[in-house]
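As structure tokens, the structure follows; a few thoughts come after it.
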Amino acid sequence: MDVEQLVQADRVHRRVYNDTEIFELEIEKIFSVAWIYIGHVSQVQNPGDFYCTDIALQPVVMTRHSDGEIKVLFNRCGHRGAQVIRPENGSSETYRCCYHGWEYDTDGTLIAVPRPRGYEKSAVQPGDPAYGMTHVPRMAEYRGFVFASLSPTGPTLEEFLGPIATSIDDLVDRAPDGEIEVAGGVARHLYQGNWKLVFENLCDGLHPNCVHQSSIEAANQQDDTTYSDGAGEIGVRQMRQNGAPWEFWEDQVGLWAYRFGHSYLGDYHDDAKLVAARNDSSFDDYYAAMEAAKGNARTQEILGVMRWNTNIYPTISFMSQFRQLRVIRPVSVDQTEVLGFCFRLKGAPEKMFHDTIRFANITNAVASPVLTDDLETYDRIRRGLMTDGNDWIATSRGLGGDAPDEDGGWCAENGLSELHIRNMFDAWSHYMTD
């Protein structure tokens, strides 16, 4: 398969979205090599805590060991291969396989087997790493965000993140106490379509005015006095913002892209226009807490950063202003699971966290009048690409208008560019042909 021919400067072949053989190659060449987001340290706060996820369709588990260190293990028994930990999260002093009772310490070490006399003439021994829960080849953390890679070699996590790490900084720095934590549960949905579609959509400035017309019209009819003290009003303003004129996207909104497929959409909202509801004193309390902890100048610097969606390819997208993160998990060539998490800013008023949860429900939950539009669009793309009408997908908007960024990436000519899509496929090509 000549995958190099599937991606060109201004277009990509439809097979990258609907070919099972290519999907399987993506799992091998991208998801088994890149740094994959596992979770946040707050999801395993205490020894014995665990959180289950997957890398390249392989089940893994993040644990907190008795020494306080975080481990990422293949979720597999060293005996007959059964998945050891089934719940998505929880806590246990040891991990016991349901099949034959092999028991493991929280760092994956085999500590006990039932009826050990049966193994006297075999190599099976507690403590032998050959029979433990194997550690993934590499694991690293950046400011509480845990990543892992199935490749024993390659760029470090810091090299992989590069300048996009500043988006994580932006999120964490917004906490008066300097720490954030995952809270409020998880919202998940499964959509019919390829995993790349959601990454393309989240930094796509052209689609909101077209796709989200129903919620834009509903928001425009909303009485501004109905929601005056929380996320309801903020959600209405967000829906209206989706209907901003094209000139807004061209003159104000920016789009940046970096090595390894990362990107972010910026200058979309500042906190005064969106994040703080009118007549809501909690934001004033938050600002005071920030000033007390960081000083006036640093507080203004932090809150002056206006990044909307940040994509860290190929697994997560998050927005710091509303403390939300999406994990994108490919299931098959035409099915993708998306998990949504919210963060609490430590030291901030609890009301702000409640607004975060409510905003997630208004705009990103499965019953959201915004997300449902996107899910319908993904399915229409899936169905459209099944036709023989045209083999190629255009990615040329803004081509030739990209300028070098001072951090080594690229800045689009405006927020309507498809720079982020071209950048992701540039990374895709490098992974797939390496």
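The values are calculated or read from the model by the stated rules, or taken from the named source; none is laboratory data. Source: prediction; values computed, not measured. Reconstructed Cβ throughout: ideal geometry from the backbone, glycine too, with neighbour counts over all protein chains shown.
Go through (1) crowded, with 17+ Cβ neighbours inside 10 Å; (2) under 30 Å from Ile27 (Cβ atoms); (3) of a type outside the set (Asp, Glu); (4) over 25 Å from the mean Cα position of the chain (by Cα) and name the single condition Val113 misses.
So the condition that Val113 fails would be (2).
Take the residues in the stretch 214-244 that are at pLDDT 75 or above and not in a helix (DSSP H, G or I), then tell me which one is nearest to Ile362 (Cα to Cα).
Gln222
Just for the stretch 281-297: of the residues that are surrounded by fewer than 21 Cβ atoms within 10 Å (Cβ to Cβ) and within 28 Å of Gly415 (Cβ to Cβ), which one is modelled with the highest pLDDT?
The residue in question is Tyr287.
Considering Ala148, Ala140, Ala112, which residue is out of contact with any Gly (no Cβ under 7 Å at 6 or more places or on another chain), hydrophobic (A, V, I, L, M, F, W, C) and without any contact (Cβ under 8 Å) to a residue 24 or more places away in the chain?
Ala112
Return only the number of the condition from (1) surrounded by 14 or more Cβ atoms within 10 Å (Cβ to Cβ); (2) assigned to a helix (DSSP H, G or I) that Arg383 does not satisfy.
Going through the list (1) surrounded by 14 or more Cβ atoms within 10 Å (Cβ to Cβ); (2) assigned to a helix (DSSP H, G or I), Arg383 breaks only (1).
Out of everything in the stretch 116-154 that is modelled with pLDDT of 95 or more and among the polar types (S, T, N, Q), what residue ends up being surrounded by the most Cβ atoms within 10 Å (Cβ to Cβ)?
Looking at the filtered set, the residue picked out is Ser149.
Do any residues in the stretch 289-318 that are in contact (Cβ under 8 Å) with a residue 60 or more places away in the chain have Cβ atoms under 6 Å from those of residues that are in a helix (DSSP H, G or I) and among the hydroxyl-bearing types (Ser, Thr, Tyr), where the two are at least six apart or on different chains, and which pairs are they?
Within 6 Å, the pairs are Met290/Thr299; Arg307/Ser167; Thr310/Ser167.
Would you please list the contacts, defined by Cβ atoms under 8 Å and residues six or more apart or on different chains, that run from a residue in the stretch 323-350 that is on the phi > 0 side of the Ramachandran plot to a residue that is assigned to a strand (DSSP E or B)?
Listed by first residue and then by second, the contacts come to Arg323/Ile180; Arg323/Cys342; Arg323/Phe343; Arg323/Arg344; Arg323/Leu345.
So, in the stretch 298-331, exactly how many residues are more than 18 Å from the chain's Cα centre (by Cα) and either surrounded by fewer than 20 Cβ atoms within 10 Å (Cβ to Cβ) or not in a loop (DSSP other than H, G, I, E, B) (or both)?
Total satisfying the criteria: 8.
Just a yes or no: is a residue in the stretch 1-24 in a loop (DSSP other than H, G, I, E, B), free of Cβ contacts under 8 Å to residues at least 40 places away in the same chain and basic (Lys, Arg)?
Let us first name the residues in the stretch 1-24 that are in a loop (DSSP other than H, G, I, E, B), namely 1-2, 9-10, 14, 19.
This time we only want the ones that are free of Cβ contacts under 8 Å to residues at least 40 places away in the same chain, so: 1-2.
Right, trim to basic (Lys, Arg) and you get none.
There is no residue in the stretch 1-24 that is in a loop (DSSP other than H, G, I, E, B), free of Cβ contacts under 8 Å to residues at least 40 places away in the same chain and basic (Lys, Arg).
Hey, does the stretch 191-199 have a residue that's in the same structural domain as Leu325 (by TED's automatic domain parsing), in contact with a Lys or Arg (Cβ under 6 Å, 6 or more places away or on another chain), more than 21 Å from Glu350 (Cα to Cα) and not in a loop (DSSP other than H, G, I, E, B)?
Let us first name the residues in the stretch 191-199 that are in the same structural domain as Leu325 (by TED's automatic domain parsing), namely 191-199.
Applying the additional criterion that residues be in contact with a Lys or Arg (Cβ under 6 Å, 6 or more places away or on another chain) yields 192-193.
Those still in the list that are more than 21 Å from Glu350 (Cα to Cα) too: 192-193.
Now restrict to residues that are not in a loop (DSSP other than H, G, I, E, B): 192.
Scanning the stretch 191-199, I find at least one residue that is in the same structural domain as Leu325 (by TED's automatic domain parsing), in contact with a Lys or Arg (Cβ under 6 Å, 6 or more places away or on another chain), more than 21 Å from Glu350 (Cα to Cα) and not in a loop (DSSP other than H, G, I, E, B), so the answer is yes.
Quick one: which of Thr372, Thr377 is among the β-branched types (Val, Ile, Thr), within 15 Å of Phe199 (Cβ to Cβ) and surrounded by 15 or more Cβ atoms within 10 Å (Cβ to Cβ)?
Thr377
So Val72 clears everything in (1) more than 17 Å from His430 (Cα to Cα); (2) in contact with a helix residue (DSSP H, G or I) (Cβ under 9 Å, 6 or more places away or on another chain) except one condition, right? Which one?
Only one criterion is unmet by Val72, namely (2).
Yes or no: Gly184 at pLDDT 95 or above, at positive phi and touching a helix residue (DSSP H, G or I) at 6+ places or on another chain (Cβ under 8 Å)?
no
For the stretch 417-432, which residues satisfy the criterion of being over 20 Å from the mean Cα position of the chain (by Cα), crowded, with 19+ Cβ neighbours inside 10 Å and either assigned to a helix (DSSP H, G or I) or modelled with pLDDT under 95 (or both)?
Met432
Which condition breaks for Gly400 when tested against (1) part of a loop (DSSP other than H, G, I, E, B); (2) within 20 Å of the chain's Cα centre (by Cα); (3) of a type in the set (Gly, Ala, Ser)?
(2)
Quick one: is Val84 at pLDDT below 95, of a type in the set (A, V, I, L, M, F, W, C) and farther than 25 Å from Tyr142 by Cβ?
Details: at pLDDT below 95: no; of a type in the set (A, V, I, L, M, F, W, C): yes; farther than 25 Å from Tyr142 by Cβ: yes.
Against the criterion (at pLDDT below 95, of a type in the set (A, V, I, L, M, F, W, C) and farther than 25 Å from Tyr142 by Cβ), Val84 does not qualify.
In this structure, is Ala403 without any contact (Cβ under 8 Å) to a residue 60 or more places away in the chain and within 24 Å of Asp267 (Cβ to Cβ)?
yes
Within 16 Å of the chain's Cα centre (by Cα), buried (at least 21 other Cβ atoms within 10 Å of the Cβ) and modelled with pLDDT of 95 or more - does that describe any residue in the stretch 350-360?
Checked the stretch 350-360: no residue is within 16 Å of the chain's Cα centre (by Cα), buried (at least 21 other Cβ atoms within 10 Å of the Cβ) and modelled with pLDDT of 95 or more.
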